[in-house]
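The values are calculated or read from the model by the stated rules, or taken from the named source; none is laboratory data. Just so we're clear, the structure is a prediction, and the values are computed from it rather than from any experiment. Heads up, the Cβs are rebuilt from the backbone with ideal geometry, glycines too, and the neighbour counts pull from every protein chain shown.
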């Protein structure tokens, strides 16, 4: 039985390939976050507006996305959409899948932030006769977003880790690179250990930064 053996020379030699995968992971997280924040805000405004026939559809869509696994959704986008004439690259499919999935969670975060605003601010703005657009853009959204930034930050961290599922649709992100290196060299200890280390260090650092920003906000208001 072969014992555990860590080869530092091999570990250092695979760093460039892992960093290439990490780059794709970060890009997927970045673009996926943009999509999720934008779509989440759209779902929120539609849900709050109570538009007949539109709001119920959005409500169902949000619940459906939240109630089905991200992996199933990625497979659907990657394998079914092309049969309907919608062909995207694997990376674009992954970004879309992450964005749509997390938009269903972002909308709940937005809604909670908006509904937690003091009712007096709404009343004061409407009493002053401010245009509805100015009320939303100048009063409601800026204050809401400031209070929910930590929750959105935690969502980004979650997306960063969940992006490993993109390896199942041929995106050569961090985990896919680690698996590929392991299969080529018949050594999985170093690549998969380093993949886990990358995920942990970046997620932990980001979580600490979010925690620090929460503390600063609490202290300085």
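Look at region 101-116: where a residue is touching a residue at least 60 places away in the same chain (Cβ under 8 Å) and on the phi > 0 side of the Ramachandran plot, no partner that is surrounded by fewer than 21 Cβ atoms within 10 Å (Cβ to Cβ) and not in a loop (DSSP other than H, G, I, E, B) sits 6+ places away or on another chain with Cβ atoms under 8 Å.
Conditions (1) surrounded by 10 or more Cβ atoms within 10 Å (Cβ to Cβ); (2) more than 20 Å from the chain's Cα centre (by Cα); (3) modelled with pLDDT of 95 or more; (4) not in a helix (DSSP H, G or I), marked per residue:
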site	(1), (2), (3), (4)
97	yes, no, yes, no
110	yes, no, no, no
121	yes, yes, no, no
140	yes, yes, no, no
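A residue that is modelled with pLDDT of 95 or more and under 17 Å from the mean Cα position of the chain (by Cα) can be found somewhere in region 183-199. Could you please let me know if residue 210 is under 19 Å from the mean Cα position of the chain (by Cα), under 23 Å from residue 31 (Cβ atoms), in a helix (DSSP H, G or I) and modelled with pLDDT of 95 or more? So residue 210 does not fit the description; no. Would region 58-72 turn up any residue that is outside any loop (DSSP other than H, G, I, E, B) and either at positive phi or at pLDDT below 95 (or both)? The answer is no, given that none of the residues of region 58-72 is outside any loop (DSSP other than H, G, I, E, B) and either at positive phi or at pLDDT below 95 (or both).
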